[in-house]
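Have a look at the structure below before the remarks.
The values are calculated or read from the model by the stated rules, or taken from the named source; none is laboratory data. Everything quoted here is computed from the prediction, not taken from an experiment. Please note: Cβ atoms are built from the backbone with ideal geometry, for glycine as well, and neighbour counts cover all protein chains shown.
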Amino acid sequence: MKIWKMRFDFDKYNFLTPVKRFTVDELWAFNGHSLVDTWKPREFVLAKKNGQELCDAPGFEFLILSPKAYAALEFVMGKSIEVLDVLYGGERYYGINILAVLDTLDYEKSEFETFDNSEKIMVIHKYCFRRIKELEQNHIFQIKEEGYYFVSNEFKMVVEQNHLKGFRFQLVWQSDVEEMNIKEEHKENSKDAFSYEYIADIDAKMEGELEKTIKHAEKIFHIKKNTDGKAIAQQIYEIVDGILETHSFPKEYNDIEDVAVGLGTLYGHALCLAYGWKWKLLGQSKEDACINVVSSDRQYSHMPLAFMYRILSEENINIDGSNDNTVLLLFNMIGEIKNKKSEREFYPLN
């Protein structure tokens with residue numbers, strides 16, 4: 001048995017956004033309870049005006065399926081979901097409310113971190129599921145610890161066989177014989193996945209480029225209190241919110257990648273100011289090394305440019321299945337865990 005985490009390719013394809021934005025309470029209502037009795041059909045429009053093709057899973061705030069995708073997946077989803085009417089261009093699309101929110105995570109075999117002074121899970125690094133009957137019965141589900149969408153191998157096969165566009169799948173768990181077969185391979189690969197052969201300080205030239213990029217971003221985005229890391233992070237959070245809402249950015253930047261470089265470098269600078277982190281190059285070799293900020297005790301690392309690009313390109317999937325601006329969440333989380341020892345050097349917080 002295989003379980004996949006389902007995500008969506010909103011960088012390559014267009015997606016839908018509601019004419020009237022959802023409130024926070026409306027989004028949090030997607031928690032496994034039925035919404036049919038109170039739901040009113042919502043009108044949606046294209047989120048991007050760049051001519052990109054609309055994908056078959058174009059939901060931004062929650063899961064939405066095109067008529068083609070719903071027709072293919074209706075049988076395999078079964079009673080795990082209920083349909084909420086969504087309108088786009090006069091055509092019916094299918095909002096999907098997941099009813100199957102399962103208590104299936106195996107706490108003893110999974111690997112996760114909790115918030116300080118709390119049993120609440122902060123992040124799950126390795127999933128292991130208990131083989132309960134509900135896991136066998138639901139080909140699409142969520143878990144009570146977080147809101148990602150999980151699907152069975154059967155669900156994934158239907159998507160692939162029908163050439164549905166915009167879906168992405170990450171294998172997160174295999175059971176029984178399959179798990180035994182990959183156990184040794186996982187053991188061999190786990191070290192490489194979380195360790196670096198190449199670790200180096202940035203040179204004077206790169207340091208100068210970083211400083212130039214930071215100063216430019218401070219000027220373009222009118223950053224105040226530029227020696228206060230927390231204040232900078234707060235301003236970056238608000239700037240990112242504005243970009244995501246308006247789908248526009250300052251004309252001084254050529255594209256969203258340029259914006260991500262500017263704001264990502266500024267975000268790394270904020271971590272350095274607030275927590276004493278340092279810029280370093282990490283990788284398996286000098287050629288593939290990426291720029292990171294790392295904690296002074298070498299416990300944790302973060303790639304701020306990639307992190308910022310993931311958010312701005314709407315690939316930072318939240319518990320409700322939508323893109324989320326986690327700039328402040330991560331910043332505060334790093335503050336909370338700064339005295340918590342990691343099992344691995346330069347453990348990535350991304």
Segment 213-229, residues that are without any contact (Cβ under 8 Å) to a residue 12 or more places away in the chain and either closer than 18 Å to K251 by Cα or β-branched (V, I, T) (or both): K215, K219, H222
Flag if V76 is out of contact with any Ser or Thr (no Cβ under 7 Å at 6 or more places or on another chain), of a type in the set (A, V, I, L, M), under 13 Å from M6 (Cβ atoms) and touching a residue at least 40 places away in the same chain (Cβ under 8 Å): yes
Near pairs, Cβ below 7 angstrom, 6+ apart or cross-chain, from segment 267-294 (under 13 Å from L210 (Cβ atoms) and touching a residue at least 60 places away in the same chain (Cβ under 8 Å)) to any residue that is among the acidic types (D, E) and buried (at least 19 other Cβ atoms within 10 Å of the Cβ): none
Residue check for F141: touching a Leu at 6+ places or on another chain (Cβ under 7 Å) and either touching a residue at least 60 places away in the same chain (Cβ under 8 Å) or in the same structural domain as C55 (by TED's automatic domain parsing) (or both): yes
So R92, is it in the same structural domain as Q142 (by TED's automatic domain parsing), over 18 Å from the mean Cα position of the chain (by Cα) and among the basic types (K, R): yes
Count of residues meeting criterion [assigned to a loop (DSSP other than H, G, I, E, B) and more than 29 Å from L330 (Cα to Cα)] in segment 120-155: 5
Answer from N117, N97 - the residue that is assigned by TED's automatic domain parsing to the domain that holds A47, assigned to a loop (DSSP other than H, G, I, E, B) and farther than 16 Å from V172 by Cβ: N117
H163 being modelled with pLDDT of 90 or more, assigned by TED's automatic domain parsing to the domain that holds W4 and of a type outside the set (A, V, I, L, M, F, W, C): yes
Count of segment 41-100 residues which are surrounded by fewer than 16 Cβ atoms within 10 Å (Cβ to Cβ), touching a strand residue (DSSP E or B) at 6+ places or on another chain (Cβ under 7 Å) and within 17 Å of K12 (Cα to Cα): 3
Residues of segment 21-48 satisfying the condition of being in contact (Cβ under 8 Å) with a residue 12 or more places away in the chain and either under 20 Å from the mean Cα position of the chain (by Cα) or over 20 Å from V83 (Cβ atoms) (or both): F22, L27, W28, F30, N31, V45, L46, A47, K48
Subset of segment 328-347 [at pLDDT 85 or above and either surrounded by fewer than 17 Cβ atoms within 10 Å (Cβ to Cβ) or closer than 18 Å to F15 by Cβ (or both)]: L328, L329, N332, G335
Among residues of segment 251-284, those that are in a loop (DSSP other than H, G, I, E, B) and either charged (D, E, K, R) or within 22 Å of the chain's Cα centre (by Cα) (or both), counted: 3
Whichever residue in segment 8-28 is within 22 Å of F150 (Cβ to Cβ) and either outside the structural domain of E145 (by TED's automatic domain parsing) or in contact with a Gly (Cβ under 9 Å, 6 or more places away or on another chain) (or both) and, among such residues, is surrounded by the most Cβ atoms within 10 Å (Cβ to Cβ): F8
Test: residue in segment 308-327 that is farther than 24 Å from H125 by Cα and either at pLDDT 90 or above or over 16 Å from the mean Cα position of the chain (by Cα) (or both): no
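Residue by residue, here is whether (1) among the hydrophobic types (A, V, I, L, M, F, W, C); (2) within 17 Å of V261 (Cα to Cα); (3) surrounded by 14 or more Cβ atoms within 10 Å (Cβ to Cβ) holds:
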{"residue": "D203", "(1), (2), (3)": "no, no, no"}
{"residue": "E218", "(1), (2), (3)": "no, yes, yes"}
{"residue": "I223", "(1), (2), (3)": "yes, yes, yes"}
{"residue": "A233", "(1), (2), (3)": "yes, yes, yes"}
{"residue": "E245", "(1), (2), (3)": "no, no, no"}
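Quick grid of which residues meet (1) of a type outside the set (S, T, N, Q); (2) more than 24 Å from S301 (Cβ to Cβ); (3) in the same structural domain as C290 (by TED's automatic domain parsing):
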| position | (1), (2), (3) |
| --- | --- |
| E209 | yes, no, yes |
| H216 | yes, yes, yes |
| G229 | yes, no, yes |
| Q234 | no, no, yes |
| K251 | yes, yes, yes |
| D255 | yes, yes, yes |
| A260 | yes, no, yes |
| L263 | yes, no, yes |
| H269 | yes, no, yes |
Exclusive hit being over 16 Å from K156 (Cα atoms), in a helix (DSSP H, G or I) and modelled with pLDDT under 95, set E43, E74, E26: E26
